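The values are calculated or read from the model by the stated rules, or taken from the named source; none is laboratory data. Computed from a predicted structure; not experimentally measured. When we count neighbours, we look across all protein chains shown, and the Cβ atoms used for this are built from the backbone with ideal geometry, even at glycine.
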Amino acid sequence: MTSTFVRILLCGALVWPATVVADEGDADSQLLFNGRDLNNWIVTNTPPETWQIRDGMLICTGKPYGEIRTRKMYQNFVFEVEWRHLIPGGNAGIFLWADDIPAKGVPFHRGIDVQVLEHAYGNTRSHTTHGDIFPIHGANMTPDNGRGGSRAFPTELRGRPAPEWNHYRITCNDGDVHLEVNGKLVTSGRECSPRKGYLCLESEGGIVHFRNMKIRELPDTPIKPKDVAIEYRGYESLYTGLNLSGWTTTNGTDLTGSKSYRGWESADWMLKHTGSETVAIAADASPARGLLLDIQRNSDDSSVQVQLKFGKAVVSLATLSEVEPTPGVERKPGSWNRIICDWSGGSLSLTINGQTVPVDSIDVGNKPASLTLKAQGGVTFANLFAQREPE
């Protein structure tokens, strides 16, 4: 494949160097969506109900907030997709070079976000509805046509309102990203990190249709380990974001289909406890080799205990409260804490916010595992994952 280096004059005085990949047609392109199934995609923190297939289109309901990602990581490529919103003011996005699961305390991955906004969302100094690009949740990018921050703004307003279709052609090469909106290059960024990772489609409230998704891979370029996103670690969501399906009371009552239970509430991508009494719920975490979950205390008097059960044996992973909190836990209400537990080697290891925390020794063996959350007061949970063996 050949590349042509040109200088493109945009908006009068703006001169921005861009790498334009010669169009070689569809010969080397592969479909990322065949119009029939999601074989090339992994549902990360949204349930299957969020993504429906009809008439060759992938239809996102927008609920809950979250994403699906490609099975494969990509470095340099040309990605094309058609999309349209069905509801005025709808929000969605396409993430580039993303990690395997969302960042701490949010429903979306670290990566480069290519904005997919409907016109009624509005255009402001801080964003447009015509193809912004920006790094998010720990990613980095130097924008072209920026406004003092890290967001790249389009040099021409070419997006079409609902229910019209829009075409995006996204070229990613050696850490540079270029977006063509409806046939014209208008947005660009450079020096991206990560610059190898997964592609994601974002569910963020609006009903959005995708079709004609295809990708053409370009030759690899030298890359540093720090610029490679986190590869799939086997995490699968324990929480649908729609209801309490998959969870039970401690006496075994199935909460499938329920939106709430004695202070517990399914609140889109968040699982919340708001009750004054201490109430526990549990989820089956077997077969698994680890867990990951994010927790936020919402007030000084709220508290939560996280427990793992292996058969009849119980081990406390963390206690979040103002009084004698588990080491590594943020004391301040409103701070998110990420708990990662691993027992793949037959014994438990635990980190909280990246800090190793001592945990009781226990014979895990091949015993079934379950996760129990016991909360009092205002506590919010997100990104509840069991870690299975990667495919």
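Assorted remarks:
- Check on SER188, closer than 24 Å to PRO102 by Cβ and among the polar types (S, T, N, Q): no
- For segment 302-327, a tally of residues being surrounded by 15 or more Cβ atoms within 10 Å (Cβ to Cβ) and either part of a strand (DSSP E or B) or of a type in the set (A, V, I, L, M) (or both) returns 13.
- Of residues in segment 341-391 being under 14 Å from SER286 (Cβ atoms) and charged (D, E, K, R), the one surrounded by the most Cβ atoms within 10 Å (Cβ to Cβ): ARG388
- Where strands (runs of 3 or more DSSP E) fall entirely within segment 194-284, those with at least 1 residues that are free of Cβ contacts under 8 Å to residues at least 24 places away in the same chain, farther than 22 Å from ILE340 by Cα and of a type outside the set (S, T, N, Q) are at 264-267.
- Here PRO163 clears all of (1) assigned by TED's automatic domain parsing to the domain that holds ASN76; (2) part of a strand (DSSP E or B); (3) surrounded by fewer than 21 Cβ atoms within 10 Å (Cβ to Cβ) except the condition numbered (2).
- For segment 372-386, the criterion of being closer than 27 Å to TYR261 by Cβ, at pLDDT below 90, not in a strand (DSSP E or B) and not assigned by TED's automatic domain parsing to the domain that holds VAL43 is met by no residue.
- The selection criterion, being within 15 Å of PHE385 (Cβ to Cβ) and buried (at least 16 other Cβ atoms within 10 Å of the Cβ), holds for ARG338.
- The listed residue being surrounded by 16 or more Cβ atoms within 10 Å (Cβ to Cβ) and not assigned by TED's automatic domain parsing to the domain that holds GLN75, out of GLY257, GLY246: GLY246
- Some residue of segment 288-301 being assigned to a strand (DSSP E or B), in the same structural domain as ASN251 (by TED's automatic domain parsing) and among the basic types (Lys, Arg): yes
- Test: PRO88 is touching a helix residue (DSSP H, G or I) at 6+ places or on another chain (Cβ under 7 Å), of a type outside the set (Gly, Ala, Ser) and surrounded by fewer than 23 Cβ atoms within 10 Å (Cβ to Cβ): yes
- Residues in segment 348-370 that are outside any loop (DSSP other than H, G, I, E, B) and either over 26 Å from LYS104 (Cβ atoms) or aliphatic (A, V, I, L, M) (or both): LEU350, ILE352, ALA369.
- Residues that are closer than 30 Å to GLY175 by Cβ, of a type in the set (Asp, Glu) and more than 23 Å from the chain's Cα centre (by Cα) within segment 212-266 comprise just one, ASP220.
- ARG151 being at negative phi, modelled with pLDDT of 95 or more and more than 22 Å from the chain's Cα centre (by Cα): no
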